[in-house]
Structure formats: C-alpha cells, structure tokens
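Quick notes on the structure that follows.
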Amino acid sequence: MKSIENAKKKATRRYRASIFGEDHSSFVRRETAPGQHGARQKKMSDYGQQLYAKQKLKTSYGNISEKQFSKYYAEAIRRKGDAAENLIGLLESRLDNLVYRAKFVSTVFAARQFVNHNHVLVNGKKVNIPSYMVKVGDVIEVREKSKQNPLVVASLEATNRDFPGYLEVDAKKMTAKLTFVPKFADVPYACEMEPNLVIEYYSRQ
C-alpha cells in the first residue's frame with residue numbers, strides 16, 4: 001500500500017495535476033513548480049508537449065511499460081478510424097483499468113495487484129493478466145472468496161467516483177459488464193488528457 005501511495009504522490013508532483021482524482025494535493029494547487037522559489041515556467045516545445053502528454057496518459061493507467069504502451073499506439077493506427085480514439089478504447093479495455101472503473105478497488109495500481117492475485121473472473125473464468133483485453137459483452141466479477149474483502153466493500157461504497165456509462169455495474173453482486181468501447185469523451189479522467197498529442201509523439205519517432 002505504501003508503494004502505491006508513493007507512486008501516486010510522485011505522479012501528482014511530476015505533473016502538478018490530479019491524475020488520480022485527489023485534488024486536495026498541494027502540488028495541484030501550486031502555480032509554480034515545487035522548490036524554495038519555484039522553478040521558472042519555460043514554454044515547452046511541441047515535442048516536449050507531446051512527451052508530457054504521453055507520460056501523463058501512460059501514468060494514469062498505472063504507469064504501463066513503454067514497450068506495451070507503444071504496442072497500443074501501433075494497434076491504434078492499424079485500426080480504422082481516429083487513432084487517438086482507438087488508443088483510448090484500447091487502454092480503457094484493459095482488465096485492470098475496468099476493475100478500477102467498476103470501483104472494485106480504489107486505485108488503478110491496486111487493480112493491477114487485484115487481478116494478479118487471482119481475485120477476478122471474466123465470464124466466469126479466472127483471469128490474472130492485468131493487460132487482458134475485455135470485449136464488449138464480457139462480464140467481470142470479483143471472485144466469491146474475495147467479495148468480503150473490506151477494501152473491496154469500502155471502495156464500492158465510496159462516493160468520490162461514479163461508474164462510467166460504458167460499464168453496467170451490479171455493486172451487490174460485484175459484477176461489471178462492458179457495454180461498449182468508450183470514446184475519449186466518455187472516459188472520466190480526473191484531469192485533462194491529450195491523446196492527440198500522444199499520437200503525434202509516436203508518429204514522429
């Protein structure tokens with residue numbers, strides 16, 4: 001738990017943004033960077049803005065590895081339609097992300113551990129791969145033995161997050177069904193994301 005909290009704090013400090021929805025952080029409220037006098041704000045180059053957008057989006061999904069994130073980009077541009085929208089659809093379809101969106105756990109970092117430790121079923125079958133791609137119509141469920149876990153119960157009862165429109169959640173049964181692959185506008189990000197800049201970043205590599 002301590003390592004998760006440290007990761008969240010580092011991300012909030014680095015981006016000075018409420019990536020995980022905890023807007024009480026002093027780093028979010030500051031207009032200048034951390035430090036005795038605050039670092040001078042330099043205007044970012046186009047490349048710097050693209051890199052910043054990529055790192056922030058990647059971090060919001062639990063700091064996915066660069067290798068895996070670049071694979072999502074490759075798949076996004078391979079598919080028909082808008083590449084930025086495709087990228088968001090892929091990221092949102094990850095099992096660990098949907099476990100988090102369904103409020104079975106309180107953070108995306110905890111969701112990855114939750115899946116890894118065999119607490120989750122997909123269509124009645126155990127799946128312990130956080131990056132597993134959930135399809136429309138698939139039903140995610142907390143394993144029976146894990147439904148009494150105090151952390152799961154507390155997360156579902158918390159009022160700081162709502163269920164997104166693309167998940168049909170039964171909090172009592174602890175199940176969640178993916179009803180459609182979301183577009184960027186459907187995703188309840190806690191702060192501004194710019195997936196179009198992420199596509200631009202990788203396209204110039």
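A few comments on the model shown:
- Across the cross-link table entries K67/K147; K54/K173; K135/K173; K67/K172; K58/K147, which are compared at the Cα atoms, the separations over 27 Å belong to K67/K147; K54/K173; K67/K172; K58/K147.
- Here the mean projected area of the convex hull built on the C-alpha positions of the range 141-205 is 6.4 nm².
- Whether the range 45-90 is rounded, prolate or oblate, judged on the alpha carbon gyration tensor where a/c under 1.5 counts as rounded: oblate
- Using only Cα coordinates, the Kirkwood hydrodynamic radius of the range 128-170 works out to 12.5 Å.
- Take the Cβ atoms of D170 and S203, set R0 to 30 Å, and the FRET efficiency comes out at 0.15.
- Quarter of Cα convex hull surface for the range 53-161, i.e. mean projection, nm²: 7.3 nm²
- Tensor-based shape of the range 110-150 (alpha-carbon gyration tensor, a/c under 1.5 rounded, otherwise prolate or oblate): oblate
Every number here is computed from the coordinates shown, using simple stated rules; none is lab data. Everything quoted here is computed from the prediction, not taken from an experiment. When we count neighbours, we look across all protein chains shown, and the Cβ atoms used for this are built from the backbone with ideal geometry, even at glycine.
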